[in-house]
């Protein structure tokens, strides 16, 4: 027996109630995990923000990985319960729709969509300097933007090739990233280590004469940026066999393996930095590149750059896949402008081509717009984190509300009597993270740089509210809504 979505029905799927799915179930368990891993990407996040986090907080910033990993693990457990019951393409939008209702789901998807589009830009933008080093030209703001656009174009072309190509790209990216991180880490530990583990408890003057806590919370952006991507395993739920069993396990595995790899990568880099105070004072602005060239020589460092670029590319591909499925899910429910075009589906490749095109064009435009900011990368990354965490917590809150109103998860993965406690813990962590990400910390900076994260988040939410209540598109679809709570 099958659901209306064409997914084999079990206790987890009976409430899904979707129209027949056009996707093919071409993604296996390991490819699903690799998709989440390459989206989470320990190399991308660590290499992108290592210098910033070390300059802000000194070596103890590594503990941000532990803090964020524990909090996001709770969120992953909640998501696992939800996706096991509702294995529908698009992730947070259809989950929130069933847990709460049409309006809440529409706004959840809206915030998540913009966060994904900005995250695509942030990842591709972070690759710019490494492309310059690999190809031997001087990195500037303009060359970084051009490299960003090139990476986005390559990624969308791979996504157009279909789910099998996406699976292979994820698996290749996973293998290259994990082996590269381990190989480089072992080389640094054995040939280029200058410190013992005691430095992880010494800020080397980063906090000055003040408390270290505010400094640590500022540097914790590296941990917050690290631990999302596991939800991508659920964004492609209609392309996975036995999603109720496979996807929750892939989400948890993404946290375990990805978090361990990121922490190891950060640790090996930390112990290989010769002069922490030079980084903290701003004299050494790119400690990652300096460490790699000093430890491996020019030929070795360039080889590592090639592996790093595979990581950036596979991460961008995974992000685009998630964004494309979300936009398609909106269009399939007819709740967004242009839905007739965006819901078009390529039967030959089993992908939504126009939804994927949006997931390439908008990030490229954001990259061009970043030219107006003096600190573009930090601003882009910070808003991406805020939007992702905001959308996550909208689902976590919806799950808690549904649970308190009588929702009993019926999927193949259930938390049982621990469900309520885990749900509350996930919400508490998410609220703390959102406040910390949004908090302005540089009063000496121009207001538009100091408040850009909160201001951007407010603009996205305000635009979404105006869109919702002027068009009422959110109410068009007859897809199930608020169906988790018993009548």
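The values are calculated or read from the model by the stated rules, or taken from the named source; none is laboratory data. Owing to the predicted nature of the structure, the values given are computational and were not obtained by experimental measurement. Please note: Cβ atoms are built from the backbone with ideal geometry, for glycine as well, and neighbour counts cover all protein chains shown.
Summed over segment 42-63, the residues that are modelled with pLDDT of 95 or more and within 29 Å of residue 235 (Cα to Cα) give a count of 0. When the test is whether a residue is crowded, with 18+ Cβ neighbours inside 10 Å, farther than 30 Å from residue 125 by Cα and either modelled with pLDDT of 85 or more or touching a strand residue (DSSP E or B) at 6+ places or on another chain (Cβ under 7 Å) (or both), residue 81 passes it. The residue pairs whose first member lies in segment 441-461 and is under 27 Å from residue 207 (Cβ atoms), whose second member is modelled with pLDDT of 80 or more and assigned to a helix (DSSP H, G or I), and whose beta carbons are closer than 6 Å, counting only pairs six or more residues apart or on different chains, are 441/218; 453/386; 453/438; 454/438. Has segment 33-41 got at least one residue that is buried (at least 24 other Cβ atoms within 10 Å of the Cβ), within 30 Å of residue 202 (Cβ to Cβ) and either modelled with pLDDT under 90 or over 23 Å from the mean Cα position of the chain (by Cα) (or both)? Scanning segment 33-41 turns up at least one residue that is buried (at least 24 other Cβ atoms within 10 Å of the Cβ), within 30 Å of residue 202 (Cβ to Cβ) and either modelled with pLDDT under 90 or over 23 Å from the mean Cα position of the chain (by Cα) (or both).
When you look at residue 481, is it surrounded by 13 or more Cβ atoms within 10 Å (Cβ to Cβ) and farther than 30 Å from residue 217 by Cβ, yes or no?
Values: surrounded by 13 or more Cβ atoms within 10 Å (Cβ to Cβ): yes; farther than 30 Å from residue 217 by Cβ: yes.
Answer is yes for this residue.
For segment 157-166, the criterion of being outside any loop (DSSP other than H, G, I, E, B), surrounded by 24 or more Cβ atoms within 10 Å (Cβ to Cβ) and under 19 Å from the mean Cα position of the chain (by Cα) is satisfied by at least one residue. Within segment 314-335, no residue that is surrounded by 24 or more Cβ atoms within 10 Å (Cβ to Cβ) sits with its Cβ atom under 7 Å from a residue that is modelled with pLDDT of 95 or more and outside any helix (DSSP H, G or I) at 6+ positions apart or across chains. Quick check, is residue 92 crowded, with 20+ Cβ neighbours inside 10 Å, at pLDDT 95 or above and closer than 23 Å to residue 384 by Cβ? In short, no.
A single entry from 434, 380, 388 fulfils the requirement of being in contact (Cβ under 8 Å) with a residue 60 or more places away in the chain, surrounded by 13 or more Cβ atoms within 10 Å (Cβ to Cβ) and under 21 Å from residue 100 (Cβ atoms): 388. Determine, yes or no, whether residue 345 is touching a strand residue (DSSP E or B) at 6+ places or on another chain (Cβ under 8 Å) and on the phi < 0 side of the Ramachandran plot. Spelling it out, residue 345 is indeed touching a strand residue (DSSP E or B) at 6+ places or on another chain (Cβ under 8 Å) and on the phi < 0 side of the Ramachandran plot.
Taking segment 67-93 on its own, how many of its residues are assigned to a helix (DSSP H, G or I) and within 18 Å of the chain's Cα centre (by Cα)? Steps first, please.
Just the residues of segment 67-93 that are assigned to a helix (DSSP H, G or I), to begin with: 67-85, 92-93.
Subset that is within 18 Å of the chain's Cα centre (by Cα): 67-80, 83, 92-93.
Selection size over segment 67-93: 17.
If you take the residues in segment 336-353 that are surrounded by 21 or more Cβ atoms within 10 Å (Cβ to Cβ) and without any contact (Cβ under 8 Å) to a residue 40 or more places away in the chain, which one is nearest to residue 150 (Cα to Cα)?
Kept after step one, since they are surrounded by 21 or more Cβ atoms within 10 Å (Cβ to Cβ), are these residues of segment 336-353: 336, 342, 351-352.
Add one more test, that the residue is without any contact (Cβ under 8 Å) to a residue 40 or more places away in the chain, and what stays is 342, 352.
Numbers: 342: 23, 352: 21 Å.
For segment 336-353, the residue satisfying everything is 352.
Can you say whether residue 246 is touching a strand residue (DSSP E or B) at 6+ places or on another chain (Cβ under 8 Å) and either modelled with pLDDT of 90 or more or within 30 Å of residue 280 (Cα to Cα) (or both), as far as the supplied structure shows? Criteria met by residue 246.
Does residue 222 satisfy the condition of being part of a helix (DSSP H, G or I) and surrounded by fewer than 21 Cβ atoms within 10 Å (Cβ to Cβ)?
Details: part of a helix (DSSP H, G or I): yes; surrounded by fewer than 21 Cβ atoms within 10 Å (Cβ to Cβ): no.
Considered against the rule, which asks whether it is part of a helix (DSSP H, G or I) and surrounded by fewer than 21 Cβ atoms within 10 Å (Cβ to Cβ), residue 222 comes out as no.
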